[in-house]
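The values are calculated or read from the model by the stated rules, or taken from the named source; none is laboratory data. Model, not experiment: these values are computed from the prediction. We place every Cβ from the backbone using ideal geometry, glycine too, and count neighbours over all the protein chains shown.
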Amino acid sequence: MANIKSAIKRAKKSKKSNLQNKMQKTSLKNTIKKFEGFLASEKVEDAKNFLPTLIKKIDKAAAKGLLHKKTASNKKSALTKKLNAMAK
């Protein structure tokens, strides 16, 4: 355990931010799973309507630093390709 006052404060802050980041990442993963669930059950119209919401959530995660911007771009591209493949 830290002895210095500022190190104790930093440890508390780190624990709090880790929890927030974990919650936001979990929320993002659940949203992606929901989208893939639409695709799995072949509800293409629902997936098309849900895609902008998902893309917005991925962009916000990248802006907050939860995801690297290129990782976010790759995720958006892959999910859009999945949707387009199902739509054909």
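At-a-glance table
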{"read-out": "Evaluation of LYS29 against (1) under 19 Å from ASN74 (Cα atoms); (2) without any contact (Cβ under 8 Å) to a residue 24 or more places away in the chain; (3) of a type outside the set (Val, Ile, Thr); (4) surrounded by 13 or more Cβ atoms within 10 Å (Cβ to Cβ) (one fails), failing number", "value": "(4)"}
{"read-out": "The range 43-88, residues that are assigned to a loop (DSSP other than H, G, I, E, B) and touching a residue at least 40 places away in the same chain (Cβ under 8 Å)", "value": "LEU66"}
{"read-out": "Pairs where the first residue, in the range 12-26, is in contact (Cβ under 8 Å) with a residue 40 or more places away in the chain and over 25 Å from ALA2 (Cβ atoms) and the second is surrounded by 11 or more Cβ atoms within 10 Å (Cβ to Cβ) and among the aliphatic types (A, V, I, L, M), C-beta under 8 Å, 6+ apart", "value": "GLN24/ALA61; GLN24/LEU66; LYS25/ALA61; LYS25/LEU66"}
{"read-out": "ILE4 being over 19 Å from the mean Cα position of the chain (by Cα), hydrophobic (A, V, I, L, M, F, W, C) and loosely packed, with under 10 Cβ neighbours inside 10 Å", "value": "yes"}
{"read-out": "Condition met for THR71 (of a type in the set (Val, Ile, Thr), modelled with pLDDT of 95 or more and farther than 27 Å from LYS88 by Cα)", "value": "no"}
{"read-out": "Among the residues listed as ALA61, ALA87, the single one being among the small types (Gly, Ala, Ser) and surrounded by 14 or more Cβ atoms within 10 Å (Cβ to Cβ)", "value": "ALA61"}
{"read-out": "ASN30 being assigned to a helix (DSSP H, G or I) and out of contact with any Asp or Glu (no Cβ under 9 Å at 6 or more places or on another chain)", "value": "yes"}
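Here is a yes/no grid of residues against (1) touching a Ser or Thr at 6+ places or on another chain (Cβ under 9 Å); (2) farther than 27 Å from LYS88 by Cβ:
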{"site": "GLU36", "(1), (2)": "no, no"}
{"site": "SER41", "(1), (2)": "no, no"}
{"site": "THR53", "(1), (2)": "yes, no"}
{"site": "ALA63", "(1), (2)": "no, yes"}
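Rundown of residues vs (1) more than 27 Å from LEU83 (Cβ to Cβ); (2) touching a Pro at 6+ places or on another chain (Cβ under 9 Å); (3) modelled with pLDDT under 95, yes/no style:
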residue	(1), (2), (3)
MET1	yes, no, yes
SER14	yes, no, no
LEU19	yes, no, no
LYS25	no, no, no
LEU28	no, no, no
LEU51	no, no, no
LYS56	no, no, no
